[in-house]
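Q: Sharing a structure with you now.
The values are calculated or read from the model by the stated rules, or taken from the named source; none is laboratory data. In this text, all values refer to a predicted model and were calculated from it rather than measured experimentally. A quick note on method: Cβ atoms are made from the backbone with ideal geometry, for glycine too, and the neighbour counts reach across all protein chains shown. Note: areas computed on protein heavy atoms with side chains; ligands, DNA, RNA excluded. Shrake-Rupley method; radii C 1.70, N 1.55, O 1.52, S 1.80 Å.
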Amino acid sequence: MITVALPKGGLLEDSIRLSQAIGLDFSAFLDSSNRQLEIWDTTHTAKALLVRNYDVPVYVEYGQAQLGIVGYDILREKRPQVAHLVDLQFGRCRMSVAVKATSSYRTVLELPPHCRVASKFVQCASDYFKSLDLPVEIIPLYGSVELGPITGMSEAIVDLVATGRTLKDNNLVEIAQLFETTARLIAHPLSYRLNRDGLQDRIEQIRTATLALV
Amino acid sequence: MVYQPPVGARDLFPLDVAQKRWIEKRIQQVFHSWGYHRIITSTLERLETLMAGGAVEQSTVIQLQDTEGEVLGLRPELTASIARAAVTRMAGASYPQRLYYNANVFRRAAKGVHNRQQEFYQAGVELLGADGIAADAEILLIVFDCLRHLELEDCYLVLGEAGLTRSLLSPFPDSLREHVREAIATLDRITLETLPLSNDLRDRALFLLDLRGQPTDVLQRVSSLDLDPEQRTTVNTLKALIELLQDAHSRQLSQATSAPSSPHPLTPVLDLSLVQTFDYYTGIVFEVVGSHGQRILGQGGRYDQLLSLYHPQGKTCPGIGFVLNIEELHQVLLSDGQLPLQTPASDWLVVPTSPEAYAAAIAHAQKIRESAHLVRVELELGLHDSPAAIREYAQRRRINQIAWVSKEGLSKIETLSVNL
């Protein structure tokens, strides 16, 4: 029996579509009246856990789920010990630095030293500024980081940008891109090595389905 | 003021100890039966000793400073200490040396991990001065023997060959080889797909990443590569090792007279992607994985270069060993319901019938203790004020015999029915 950890939020719909493409139906998670966190697929060959996207690699690292679907941004942020297997190509967005449109900063290097940068992605942000040798103070926030520059708490933010609409609506502009991210298929390393319950076959099916869907 | 243990520390109470000893005793019996002798090395080592092999990261060592300012560390594993001790103190010893240990090790929890355990217990062996198939087989057979004595025969063994894999990585350009090795070691297929490699090399990297499965199948696949003579020899040696293990096992099965030996999965998963990101192991490497596929119960491998690092003249000496992680075994065995669930009860409670009767009671208790087998005898210390309270105490502590001893040394024996 295989357990898959699926992320709540933006990646869920595509993840469920991909699961359906390999014959596993977890669409009950999309029903707005659903309150279950663990469901079996209709053929009873696999189970899915519905967890917060940050928690997907945790369940996979500890082996409670053999497979998981999660954004590359979170893998980069948390560096879990999991096998990175397939770039699933959906959920494409970019990790960017943004500032107030009215500010004078148009490149990252123009930011004043020791300025404040608000972000949910503390690790990614501090790695990035360290690589530029630019000393900044990272302020961890857990939602709506756009408010950082708006309220004047921070000069810049590091956040995921998909269409850029949220930035625009809040009068922010992107001045640099850290990396591009997409959804990834990850696996528990030991389960992958032992290939129990036909795990390898499932992974190959997902790889094939991804190529077909793109 | 409440004194708390340091973060990551843990006290072992009598039941924990009884369970831990249950595991360690079985493992030690196996080690003894293979002719291994126990070595006890210092808990503290110089940091440079611990790090010489390249397998230990400084950030994981709990460090201390001695009065001369020398940086010391609490050992995170035993092999470095044993290698140091063996080359410096055992010169002139005859080889092979068969050593085992059963000791605590310390590892600093990674940053960002909360309250992770920092002190662990390990039992392992080192076979020094012997190379070749027979020595490799001996080590793997001791692993199987330990698992059999712990009734953990449904574990998995993942077996690799670090020397062979390293050699198979040699066609990669210097600038990328470490990236390729790291991606293979961490099973990062996406990185292998995106590194700037030629198509041939990319195919080779992906081929190495998934070079695992049934040994015969994997050996066949690796033989399809264009191998140099040395690589071919290593592949043949690996094949011979696996055949020897299987042959030894089937003979063992046919000799088994008593308990039906389970069809032990002596066939390991051969996994040539099982490598470390550092050069420590030189030959076979392996991991023992619990039956649920979630815990690494032990690991080991061959390290033929390590001892030379500790030798004053850099003399090389082959070595191979493995370690079993006691806490991981403990967790698995506990959920299997195999470990003792109670500390052993005392056999007797000796009660003086009056304050003047202590001398007689002590003498009586001592007489019972001096039996050929261990007899556990408790002396009533006057904490219970009535015979009823004494009986209740005995019942609660699962003691089923009370000896009431008078001043004159006369004893009256009472047998209680034990409520479990």
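Q: Leaving out same-chain residues fewer than 8 places away, which lysines sit with a Cα under 22 Å from that of A:LYS47?
A: Leaving aside lysines fewer than 8 places away in the same chain, those within reach of A:LYS47 are A:LYS8.
Q: Something else: Please report the net charge: other residues with Cβ closer than 13 Å to the Cβ of B:LYS239, K and R +1, D and E -1.
A: Within the 13 Å Cβ shell, the charges total -3.
Q: If you don't mind, another one. So, in nm, how far is label A:SER144 from label B:GLU370 when the simple model puts each one 7 Å beyond its Cα toward the Cβ?
A: Result: 8.4 nm between the two label points.
Q: Separate question: Mind checking which lysines have their C-alpha under 19 Å from B:LYS367, skipping anything on the same chain fewer than 8 residues away?
A: Qualifying lysines at Cα under 19 Å: B:LYS407, B:LYS412.
Q: Let me ask something else. If exposed GluC sites (Glu not before Pro) are those in a DSSP loop with at most 14 other Cβ within 10 Å, what is the longest stretch of chain B that has none?
A: B:152-369
Q: Per-residue Cβ counts within 10 Å, from other chains only, averaged over B:185-194: what number is that?
A: Mean number of neighbouring Cβ atoms from other chains: 5.
Q: Could you give the nm distance between label points at B:SER250 and A:SER103, where each point is 7 Å from its Cα heading toward the beta carbon?
A: So the two model labels end up 7.3 nm from each other.
Q: At 7 Å along Cα-to-Cβ for each site, give me the label-to-label distance between B:HIS32 and A:ASP14 in nm.
A: It is 6.2 nm.
Q: I've got another one for you. So if we plug the beta-carbon distance of B:SER386 and A:ASP133 into 1/(1 + (r/R0)^6) with R0 = 45 Å, what FRET efficiency do we get, rounded to 0.05?
A: With a Förster radius of 45 Å, E is 0.05.
Q: Kindly work out what percent of the DSSP beta bridges joining two residues of the stretch B:348-415 are antiparallel, to the nearest 5.
A: That works out to approximately 40 percent antiparallel.
Q: Nearest 0.05, what FRET efficiency do B:ASP66 and B:ALA93 give at R0 = 25 Å with Cβ-Cβ as r?
A: For R0 = 25 Å, the calculated efficiency reads 0.30.
Q: Once you mark the chymotrypsin sites (Phe, Trp or Tyr not before Pro) that are in a DSSP loop and have at most 14 other Cβ atoms within 10 Å, what is the longest gap between them in chain A?
A: The answer is A:63-141.
Q: Can you list the HN-Hα couplings for the stretch B:174-182, worked out from phi with the Karplus curve (6.51, -1.76, 1.60; θ = phi - 60°), rounded to whole Hz and with x for Gly and Pro?
A: Once θ is set to phi - 60°, the couplings for the stretch B:174-182 become 3, 5, 10, 4, 5, 5, 5, 4, 5 Hz.
Q: Take every Cα-Cα pair in the protein assembly as shown and report what % of them are more than 40 Å apart.
A: The share of Cα pairs beyond 40 Å in the protein assembly as shown comes to 45 percent.
Q: For chain B, set up a GNM with springs between Cα atoms under 10 Å and report which of B:LEU152, B:LEU227, B:LEU379 has the largest fluctuation.
A: Its mean-square fluctuation being the largest, the pick is B:LEU379.
Q: On to the next question. Please list, by residue number, everything in the stretch A:110-143 whose backbone N is under 17 Å from a paramagnetic label point 7 Å out along Cα→Cβ of A:THR151.
A: Within reach of a label on A:THR151, which here means backbone N under 17 Å from a point 7 Å along Cα→Cβ, the stretch A:110-143 contributes A:116-121, A:138-143.
Q: Looking at the stretch B:87-145, which trypsin sites (Lys or Arg not before Pro) are in a loop (DSSP not H, G, I, E or B) and have at most 13 other Cβ atoms within 10 Å?
A: Counting only loop positions with at most 13 other Cβ atoms within 10 Å, the trypsin sites (Lys or Arg not before Pro) in the stretch B:87-145 are B:LYS111, B:ARG116.
Q: Carbon and sulfur atoms: what percent of the 1.4 Å accessible area of the protein assembly as shown do they account for?
A: Carbon and sulfur atoms account for 51 percent of the accessible area of the protein assembly as shown.
Q: Compare B:ILE23, B:ILE190, B:ILE40 in a GNM of chain B, Cα atoms joined below 10 Å, and give the one with the largest fluctuation.
A: For chain B, modelled as a Gaussian network with Cα springs under 10 Å, the answer is B:ILE190.
Q: B:THR194 label point, 7 Å along Cα→Cβ, cut-off 11 Å on backbone N: hits in the stretch A:170-195?
A: Within reach of a label on B:THR194, which here means backbone N under 11 Å from a point 7 Å along Cα→Cβ, the stretch A:170-195 contributes A:179-184.
Q: Something else: Given a 1.4 Å probe, show me the residues in the stretch B:278-311 buried by at least 30 Å² of accessible surface when comparing the whole protein assembly to the chain alone.
A: Listed in order, they are B:GLY293, B:GLN294.
Q: If you roll a 1.4 Å probe over the heavy atoms of the protein chains, what accessible area per residue do you get for the stretch A:66-113, in Å²?
A: Result: 42 Å² per residue.
Q: Same structure, new question: Charges only on Cβ, +1 for Lys and Arg, -1 for Asp and Glu: so what's the dipole of the stretch B:348-415 about the Cα centre, in debye to the nearest 20?
A: 260 debye
Q: Another one. In Å and from the alpha-carbon atoms only, list the Rg and Dmax of the stretch A:93-179.
A: 11.3, 31
Q: If one takes the accessible area of chain B alone plus chain A alone and subtracts that of the pair, with a 1.4 Å probe, what total in Å², rounded to the nearest 100, results?
A: 1700 Å²
Q: Give me the net charge for the shell around B:LEU50: Cβ to Cβ below 15 angstrom, other residues only, Lys and Arg +1, Asp and Glu -1.
A: Local net charge: -1.
Q: Take peptide A:77-87, look around each residue's Cβ out to 10 angstrom, count Cβ atoms belonging to other protein chains, and average those counts.
A: Across the residues of A:77-87, the mean count of other-chain Cβ atoms within 10 Å is 3.
Q: Right, something else. Hey, how many Å between the Cα centroid of the stretch B:55-91 and the Cα centroid of the stretch B:194-219?
A: After rounding, the separation between the Cα centres reads 37 Å.
Q: Could you compute how fast chain B diffuses translationally, taking Rh as the Kirkwood radius over C-alpha pairs and applying Stokes-Einstein at 37 °C with viscosity 0.692 mPa s? Give it in µm² per second.
A: Approximately 130 µm²/s, per Stokes-Einstein.
Q: Just to confirm, what accessible area per residue do you get for chain B at 1.4 Å probe, in whole Å²?
A: Per residue, chain B has an accessible area of 51 Å².
Q: Enter the angle in degrees (range 0 to 90, nearest 10) between the Cα long axis of helix B:326-335 and the first principal axis of the Cα atoms of chain B, meaning the one along which they spread out most.
A: It is inclined by approximately 70 degrees.
Q: Next question. So if R0 is 35 Å, what FRET efficiency would B:LYS25 and A:GLN81 give, r being the distance between their Cβ atoms, rounded to the nearest 0.05?
A: Working from the Cβ atoms, E equals 0.60.
Q: Between B:PRO229, B:GLN29, B:LEU147, whose Cα lies farthest towards the positive end of the dipole of chain B when Lys and Arg beta carbons carry +1 and Asp and Glu beta carbons carry -1, centred on the Cα centre?
A: The residue sitting most towards the positive pole is B:GLN29.
Q: For the stretch B:346-420 and the stretch B:9-33, what is the separation of their C-alpha centers, rounded to whole Å?
A: 29 Å
Q: Between the stretch B:302-344 and the stretch A:1-48, how far is it from one alpha carbon centroid to the other, in angstrom?
A: Computed from Cα coordinates, the inter-centre distance equals 41 Å.
Q: Then there's this: When only DSSP loop residues count, what trypsin sites (Lys or Arg not before Pro) in the stretch A:19-120 have their Cβ near at most 15 other Cβ atoms within 10 Å?
A: Here the sparse-neighbourhood loop sites are A:ARG35, A:ARG52, A:ARG92, A:ARG106.
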